[in-house]
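The values are calculated or read from the model by the stated rules, or taken from the named source; none is laboratory data. Everything numeric here is computed off the predicted structure, so don't read it as measured data. Cβ coordinates were reconstructed from backbone atoms using ideal geometry, including for glycine residues, and neighbour counts include every protein chain displayed. Protein only, heavy atoms only, side chains kept; ligands, DNA and RNA dropped before computing areas. Shrake-Rupley method; radii C 1.70, N 1.55, O 1.52, S 1.80 Å.
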Amino acid sequence: MKWIKFVLAGLLLSRLIGGGVSFGTADSHTTRTDSAGGVTVKVTPLNSTAKGDLRFEVVFDTHSVDLDAYDLKSLTVLRDGAANIHHPTSVESKGSGHHRQATMTFAKLGNSIKRIELVIKGVAGVHERVFRWDLE
């Protein structure tokens, strides 16, 4: 329970000094996981860039699907609490075949955003995988 208070305090402090949306450091309590269609996807927010851009580590793991067939930049969006859609500004990929990892970057969002969702569409027959964080 203490780590929740610590993370929330960090988010509040970040907003007060105008840093935009922030998640603090990447650790297990911020990681979201979805397992469907024979593919497990784990998404972890990373520290923002100096410009305030949002970054996420996305890890795909499977033993039955060729992940090379998917263009992650075109299949991924970030939805904010105001229903705006944001496309990644960059995607750095590693791995191939059944194990892929990507760092996805999105432009800085406004300070008033209270919820974000990273959405990955159409991987392994799954219409949408939604990874959600409440920022309040």
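What tally of residues in region 119-135 results from selecting those that are assigned to a strand (DSSP E or B) and exposed (fewer than 15 other Cβ atoms within 10 Å of the Cβ)? Break it down stepwise before answering.
In the first step, residues of region 119-135 are kept if they are assigned to a strand (DSSP E or B); the result is 119-123, 126-134.
Narrowing the set further to residues that are exposed (fewer than 15 other Cβ atoms within 10 Å of the Cβ) leaves 121-122, 127-128, 130, 132, 134.
Selection size over region 119-135: 7.
Just one of (1) of a type in the set (A, V, I, L, M, F, W, C); (2) in contact with a helix residue (DSSP H, G or I) (Cβ under 6 Å, 6 or more places away or on another chain); (3) in contact (Cβ under 8 Å) with a residue 24 or more places away in the chain trips up residue 91, so point out which.
(3)
For region 105-118, indicate whether the set of residues that are in contact (Cβ under 8 Å) with a residue 40 or more places away in the chain, under 18 Å from residue 37 (Cβ atoms) and surrounded by 13 or more Cβ atoms within 10 Å (Cβ to Cβ) is non-empty.
Keep residues of region 105-118 that are in contact (Cβ under 8 Å) with a residue 40 or more places away in the chain, which gives 105-111, 113, 116, 118.
Cutting the leftovers down to under 18 Å from residue 37 (Cβ atoms) gives us 118.
After this cut, where a residue has to be surrounded by 13 or more Cβ atoms within 10 Å (Cβ to Cβ) as well, the list is 118.
Yes, region 105-118 contains at least one residue that is in contact (Cβ under 8 Å) with a residue 40 or more places away in the chain, under 18 Å from residue 37 (Cβ atoms) and surrounded by 13 or more Cβ atoms within 10 Å (Cβ to Cβ).
Of all residues in region 92-104, how many are of a type outside the set (D, E, K, R), open to solvent by less than 40 Å² (accessible area, probe 1.4 Å) and in contact with a strand residue (DSSP E or B) (Cβ under 6 Å, 6 or more places away or on another chain)?
Of the residues in region 92-104, the ones of a type outside the set (D, E, K, R) are 93, 95-99, 101-104.
Right, trim to open to solvent by less than 40 Å² (accessible area, probe 1.4 Å) and you get 97, 102-104.
Narrowing further to those that are in contact with a strand residue (DSSP E or B) (Cβ under 6 Å, 6 or more places away or on another chain): 102-104.
Count: 3.
Return the residues of region 45-81 that are open to solvent by 60 Å² or more (accessible area, probe 1.4 Å), among the polar types (S, T, N, Q) and either modelled with pLDDT under 90 or within 16 Å of residue 131 (Cα to Cα) (or both); say none if nothing qualifies.
Those that are open to solvent by 60 Å² or more (accessible area, probe 1.4 Å), among the polar types (S, T, N, Q) and either modelled with pLDDT under 90 or within 16 Å of residue 131 (Cα to Cα) (or both): 47, 64.
Only one of 86, 127 is farther than 18 Å from residue 37 by Cβ and free of Cβ contacts under 8 Å to residues at least 24 places away in the same chain; which?
Details: 127 fails: farther than 18 Å from residue 37 by Cβ.
After applying the criteria, what remains is 86.
Being at pLDDT below 85 and either within 20 Å of residue 47 (Cβ to Cβ) or part of a strand (DSSP E or B) (or both) is the filter here; which residues of region 82-98 pass it? If you could, list the steps in order and put the result at the bottom.
So the first thing to find is which residues in region 82-98 are at pLDDT below 85, and the list is 95-98.
Across region 82-98, the qualifying residues are 95, 96.
Output the residues belonging to region 56-73 that are of a type outside the set (Gly, Ala, Ser) and assigned to a loop (DSSP other than H, G, I, E, B).
Initially, region 56-73 is screened for residues of a type outside the set (Gly, Ala, Ser), giving 56-63, 65-68, 70-73.
Residues satisfying the conditions are 63, 65, 66, 70, 71.
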